[in-house]
Structures are given as structure tokens and as C-alpha cells.
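Q: Questions regarding the structure given below will be posed in turn.
We did not get these values from a lab; they are worked out from the coordinates using the rules stated. The structure presented is a predicted model; accordingly, all values stated were derived computationally and were not measured. Don't worry about glycine lacking a Cβ; one is built from the backbone with ideal geometry, like all the others, and counts go over all protein chains shown.
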């Protein structure tokens, strides 16, 4: 969230950034805000878990890992579509490319974090 907000602030100070950077920053800030809200909501129910609770968490994480891979795939599709389907003057749709790259980065980051947590629980 901070990285996306910082990029948006720098773009505003600089007098505007490219559509690619602006849409990447918007995706990064939005995904960060959503993740922060989920953590804040889940924090209140945080407790030490027994074996059954840990297994339930691992199952939930595997579901999330599949969704994270899907997010990255959707982001890649958006970026490729933005690059392939050009504006009438022949330019790539950089806003779509930037948004797609932002979704790929967030999806892969969440996938990595979820895999690391599964590994820690399984040890």
C-alpha cells in the first residue's frame, strides 16, 4: 500500500506520470489497502491454534494459493491485452499494461507469502 501511494504521490508532484506507472501504482495501493483491511479484521480473532485449527488454516491457505496464481494469470492477461490491442494511433494501452503488471506483482507476492506460511505451519 505504501509503495503504491508513494508512486502516486511522486507522479502528482512530478506533474503526472505515464499511464503505465499510474495504473501500476493504483493497483499496488488498492491491493495493499484490501490486504491491510483483511489483516485488521482477522487480527481480533487471532489465537493460538490446536492441530485441527492449524489444518483448517493450511487448507484455507491452499485455496488462497490457487486464487493467488489466478490473480497473477489474470494480471498477465491484462498486461498482454494492453500491449497487443493498441489504440487507434498504434500505441499500446499502457494503463492496461500497468494495471496488469500491478496485479501480477500482487498475486505473486501473496502466493509467496502464503507458501511461506504453509511451510512454517508444516514444520
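Q: Helix 19-43 against the longest principal axis of the chain: what's the angle in degrees, Cα atoms only, rounded to the nearest 10?
A: 20
Q: Only residues of the stretch 1-19 count here: report those whose backbone N is under 17 Å from the spot 7 Å along Cα→Cβ of residue 30, or say none.
A: Under 17 Å, as judged by backbone N against the label point of residue 30, lie 1-9, 19 of the stretch 1-19.
Q: Moving on to the next point. Using alpha carbons only, what's the Rg to Rh ratio of the stretch 2-122 with Rh from Kirkwood?
A: Dividing the radius of gyration by the Kirkwood radius yields 1.10.
Q: Restricting to DSSP H runs of at least four residues, report the calculated mean residue ellipticity at 222 nm for the chain, -39500 (n - 2.57) per run over all residues, nearest 500 deg cm²/dmol.
A: Numbers: 4 runs with 101 residues, N = 123.
After summing the helix terms and dividing by the residues of the chain, the value is -29000 deg cm²/dmol.
Q: If you don't mind, another one. Compute the relative contact order of the chain as a whole-number percentage, counting only Cα pairs closer than 8 Å that sit 6 or more residues apart in sequence.
A: Averaging sequence separation for qualifying contacts and normalising by length gives 31 percent for the chain.
Q: Between residue 84 and residue 59, what's the calculated FRET efficiency when r is the beta-carbon distance and R0 is 41 Å? Round to 0.05.
A: Numbers: r = 38 Å, r/R0 = 0.92.
According to the calculation, E is roughly 0.60.
Q: If packing is taken as the average number of other Cβ atoms within 10 Å across a peptide's residues, how do 20-32, 4-16 rank, most packed first? The partial results should precede the final answer.
A: Values: 20-32: 20.9, 4-16: 12.9.
Highest-to-lowest ranking by the protection proxy: 20-32, 4-16.
Q: If you count, for each residue, the other Cβ atoms within 10 Å and average over each peptide, how do 85-92, 108-115 line up from highest to lowest? Can you show the working numbers first?
A: Values: 85-92: 9.0, 108-115: 16.6.
In descending order of packing, they fall as 108-115, 85-92.
Q: Identify the residues of the stretch 99-123 with backbone N under 18 Å of a label point that sits 7 angstrom from the Cα of residue 74 along the Cα-to-Cβ direction, or state none.
A: So the set is 99-112, 114.
Q: Return one number: the angle in degrees, 0 to 90 and rounded to the nearest 10, between the long axis of the Cα atoms of helix 51-84 and the longest principal axis of the Cα atoms of the chain.
A: Value to nearest ten degrees: 10.
Q: Pop a pseudo-label 7 angstrom from the Cα along the beta-carbon direction at both residue 39 and residue 3 and give the gap in nm to one decimal.
A: For residue 39 paired with residue 3, the spin-label model returns 1.4 nm.
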